[in-house]
Amino acid sequence: MVVCIFAVIIVGAIAVGALSYFGTNWFNWNLATTDFSFEAEVGATTGTVNLDIDLATGGILITFVDNASLLYDIDIEVQNTTLEIDGTPSVTFSSNTIRLDYTTAGVNITLGSGVNYTLDVDVSTGGINVNLLNGAHVGDIALTTVTGGISLVMTDDVVLLGNATFNLDTTTGGVSVVVDVPSGVGGSVECAVTTGSVDITAAGWTQITSNHYESSDYDTASQTLTVIIETTTGGISAIFT
């Protein structure tokens, strides 16, 4: 059942990102685009690597593969009209930080399994979709949009770094989360909405408040995952197993 939910959420996440980027041109597109690709291997890299992405408008999809030699593989699609105004996008890697800062684009990011990652992703207008799969090694995650949707999926083969915190924050938009907490990790999810609805499914967890649930071992586990979800206007759907 959980696998089926994962599949639905992933497909929906991709659609959110695509529509955020292409907008109304999706069905009537006659704008030329240019693709850019950036790739690096782990090599001698050690320690935790931070993925730091800032995008004014667009869709971002982040996923993981079981490839110990891959540091990152980033594909960027930019409309040529944007390219003429804002120039060529670039990806840099320095001081253990993968950095992309651009205006408007569709971005697909694939990370490997050879190092530990933290994620810091900001999109002003658009969608953020993160799939923590295939034994990904991750610590703290911060996903932020002003106008747009956020989707996060995590399977139980993910390796968490210490007591990890996932912060998902959008001003106007929906948030969808499906998390299969790894064995031995205590879990907590807390949601806040000003205008909108919250739907939390966390079978076997303790309800602290109407929008706050914790696993029975959250206070005693040697390792914890804390998920904090906030939206001013929008809906939140969170499923934890």
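A few points about this structure:
- Accessible-area composition of region 48-198, carbon plus sulfur, in percent [1.4 Å probe]: 44
- Contour minus Cα-Cα distance for Thr172 and Thr110 (0.36 nm per residue): 19.6 nm
- Taking θ as phi - 60° and the Karplus parameters 6.51, -1.76 and 1.60, the scalar couplings of region 42-57 work out to 4, x, 8, 5, 10, x, 8, 9, 9, 8, 10, 10, 10, 9, 6, 9 Hz in sequence order, x denoting glycine and proline.
- Interchain or long-range residues, amide H under 5 Å from Ala202's placed H: Phe240
- From helices alone, the chain scores -3500 deg cm²/dmol at 222 nm; the rule is -39500 (n - 2.57) for each run of n ≥ 4 DSSP H residues, then divide by the residue total.
- Rolling a 1.4 Å probe over the heavy atoms of the protein chains gives the chain an accessible area of 43 Å² per residue.
- Note on Val146 and Thr92: the extension gain reaches 17.0 nm, defined as 0.36 nm multiplied by sequence separation minus the Cα-Cα distance.
- Amide H contacts for Thr224 (H built 1.01 Å from N in the peptide plane; partners 5 or more residues away or on another chain; cut-off under 5 Å): Asn163, Ala164, Gly186.
- Long-range HN-HN contacts of Thr118 with modeled amide H, under 5 Å: Val49, Asn50, Leu51, Gly139
- Relative contact order of the chain, defined on C-alpha pairs under 8 angstrom at six or more residues apart (%): 18
- For region 124-156, the residues whose amide N sits under 16 Å from a probe point set 7 Å from the Cα of Ile228 along the beta carbon direction are 140-145.
- Gap separating the Cα centres of region 183-241 and region 123-161, nearest whole Å: 16
- Thr206-Val159 FRET efficiency (beta carbon distance; Förster radius 25 Å; 0.05 resolution): 0.45
The values are calculated or read from the model by the stated rules, or taken from the named source; none is laboratory data. Because the structure is a prediction, the values reported are computed rather than measured. Positions of Cβ are generated from backbone atoms using ideal geometry, with glycine treated the same way; all protein chains shown enter the neighbour counts. Quick note on the areas: whole protein, heavy atoms, side chains included, nothing else; ligands and nucleic acids left out. Shrake-Rupley method; radii C 1.70, N 1.55, O 1.52, S 1.80 Å.
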